[in-house]
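Here, each number is a calculation from the coordinates, and none is a lab measurement. It should be emphasised that the depicted structure is a prediction, and the values quoted were computed from it without experimental measurement. Cβ atoms come from the backbone with ideal geometry, glycine included; neighbour counts cover every protein chain shown.
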């Protein structure tokens with residue numbers, strides 16, 4: 001369904017907010033608007049277009065409206081990507097934005113990690129920033145002197161870097177190991193605020209007067225102090241080799257409290273979604289992130305950063321293409337094998353689970369091995385052909401599989417769990433949102449029906465009024 005937006009100007013009297021406001025229409029645009037900025041430079045509005053059905057990248061671009069002639073609508077980008085997180089430069093002459101690749105199988109480019117770009121509003125030239133950084137760009141903030149702070153993810157770490165334009169190389173600042181995010185700064189001085197977390201420290205807001213004080217930063221919030229009073233799991237990064245192609249894979253191990261480096265532990269594999277995401281060095285208690293809780297119940301938890309994860313190069317991310325579940329699945333299985341070989345894990349006490357793409361891989365892996373005692377599938381696809389036909393993001397499916405179902409039917413069949421469901425022996429718990437359109441709820445219904453027909457113990461919970469994210473999860 002074609003959707004449009006109306007941009008209004010609303011004038012307030014800030015001396016008396018009780019007075020009626022004046023509202024006038026600037027113009028209508030034939031797209032949904034994601035983000036809207038005003039720049040006094042050339043008197044323009046800058047906005048991103050978005051679409052609710054992601055069949056290609058055409059619906060995601062940046063436009064400008066000249067307020068001196070509002071009939072003029074200019075398209076400023078033509079990327080095969082989603083542009084988001086727009087910020088104006090201090091002088092208002094540039095717009096910075098991050099991109100998430102959204103190439104189709106017909107595109108000439110491969111998908112990449114999240115990138116950062118600068119759009120010159122004078123000549124409309126787009127420049128990629130942090131071009132030499134091989135990791136993922138998680139965020140950024142302008143400095144007042146034509147420099148930019150960049151939050152760069154490399155492996156399981158997210159650190160703060162500076163790029164002094166026009167120099168391409170980044171300078172990494174000497175901070176703590178862990179994850180920095182949500183960085184903001186004052187343009188009147190060099191003071192900086194950010195959120196920081198690590199395996200040992202829960203998320204809090206920190207403040208420093210300048211970047212040289214990064215290791216001396218003090219928390220200015222105490223929202224998660226409760227977790228500092230608990231005996232939390234100890235965590236470390238663990239790496240192994242996929243013996244099929246000798247690629248090094250790493251993940252995060254969460255040990256039960258008081259059992260760090262212990263042997264012969266029961267294992268729960270918790271697989272992140274995305275696939276363009278990663279498990280990081282942070283203490284996270286989001287609804288989908290309960291590794292610490294599981295470890296506190298006695299499990300050793302492995303979070304694998306399989307092929308397709310961010311933070312390990314664009315090449316690593318794209319090695320998932322054409323083998324969207326079998327290759328990352330092998331990455332995970334070899335990690336389990338290594339944990340058993342190292343004596344860390346009891347091979348007879350294994351469980352697996354994940355949400356979204358983590359559910360995709362869970363569904364796949366229980367068709368490939370009978371070693372798991374239990375599985376938790378959250379919003380996972382079971383039939384990728386019907387998934388392509390019903391999801392709101394078909395462009396990702398046809399890219400990962402290398403074509404439409406009728407173009408590469410052998411890949412869809414070879415990489416789809418439903419055609420190998422008779423191999424499953426693992427009791428499975430399925431959860432989904434009633435209104436999920438990213439991974440349609442019907443995928444979980446098909447999965448449950450198939451396991452029931454096969455006599456495999458299965459339970460399905462459908463969360464009412466929930467979509468892909470179970471944000472009201474009780």
Next on the checklist: Can you order the peptides 311-318, 349-356 by their average number of other Cβ atoms within 10 Å per residue, highest first?
Outcome noted: 349-356, 311-318
Checklist entry - Relative contact order, percent, of segment 5-225 when contacts are C-alpha pairs under 8 Å separated by at least 6 residues? => result 8
Checklist entry - Helix 441-454 sits at what angle to the longest principal axis of the chain, using alpha carbons and giving 0 to 90 degrees rounded to 10? => result 0
Next on the checklist: What does the extension gain come out to for residue 91 and residue 454, with contour length at 0.36 nm per residue minus their alpha carbon separation?
Outcome noted: 124.2 nm
Checklist entry - Of all the C-alpha pairs in segment 5-225, what % are more than 24 Å from each other? => result 53
Item to check | Label-reachable residues, segment 67-107, where backbone N falls under 20 Å from a point 7 Å from residue 414's Cα toward its Cβ | outcome: 105-106
Item to check | Value of D in µm² per second that Stokes-Einstein yields for segment 86-175, Kirkwood Rh from Cα pairs, at 37 °C (0.692 mPa s) | outcome: 237
Checklist outcome for this item: Against the 2.2 N^0.38 Å rule of thumb, the C-alpha Rg of segment 316-463 sits at a ratio of 1.02
Next on the checklist: Nearest 500 deg cm²/dmol is fine: what mean residue ellipticity at 222 nm does the chain get from its DSSP H runs of n ≥ 4 alone, each adding -39,500 (n - 2.57), divided by its residue count?
Outcome noted: -4500 deg cm²/dmol
Item to check | Net lengthening on full extension, residue 131/residue 423 (0.36 nm per residue, minus Cα-Cα) | outcome: 100.6 nm
Item to check | Separation between Cα centres of segment 166-232 and segment 8-25, rounded to whole Å | outcome: 39
Checklist outcome for this item: When 176, 240 are arranged by how many other beta-carbons sit within 10 Å of their Cβ, fewest first, they go 176, 240
Checklist entry - Under the definition of Cα pairs under 8 Å and six or more residues apart, what whole-number percent is the relative contact order of the chain? => result 9
Checklist outcome for this item: Quick calc, residue 165 & residue 69: beta-carbon distance into FRET formula, R0 30 Å, rounding 0.05, result 0.45
Checklist entry - What does the highest-first list of 61-68, 135-142, 228-235, 45-52 look like by mean Cβ count within 10 Å? => result 135-142, 45-52, 61-68, 228-235
Checklist entry - Within segment 231-463, what percent of beta bridges assigned by DSSP are antiparallel, to the nearest 5? => result 35
Checklist outcome for this item: From the Cα centre of segment 114-148 to that of segment 271-326, the distance in Å is 26
Checklist entry - Based on the mean of other beta carbon atoms within 10 Å per residue, what is the order of 412-421, 179-188, most packed first? => result 412-421, 179-188
Item to check | Between helix 357-368 and the chain: long-axis angle, C-alpha atoms, 0 to 90°, nearest 10 | outcome: 20
Checklist outcome for this item: With a Förster distance of 56 angstrom and the Cβ-Cβ distance between residue 346 and residue 26, calculated FRET efficiency to the nearest 0.05 equals 0.30
Checklist entry - From a point 7 Å beyond the Cα of residue 33 in the direction of its Cβ, which residues of segment 46-66 have a backbone N at a distance under 13 Å? => result 46-50, 63-66
Item to check | For segment 156-273: span of alpha carbons on each principal axis (Å, largest first) | outcome: 56, 42, 24
Checklist entry - Cα convex hull of the chain: how many Å³ per residue? => result 180
Checklist entry - Helix 326-341: angle to the longest alpha-carbon principal axis of the chain, degrees 0 to 90, nearest 10? => result 60
Checklist entry - By counting other Cβ atoms within 10 Å of each Cβ, how are 282, 459, 259 ranked from fewest to most? => result 459, 259, 282
Checklist entry - Quick one: of the DSSP bridges fully inside the chain, what percent are antiparallel, nearest 5? => result 75
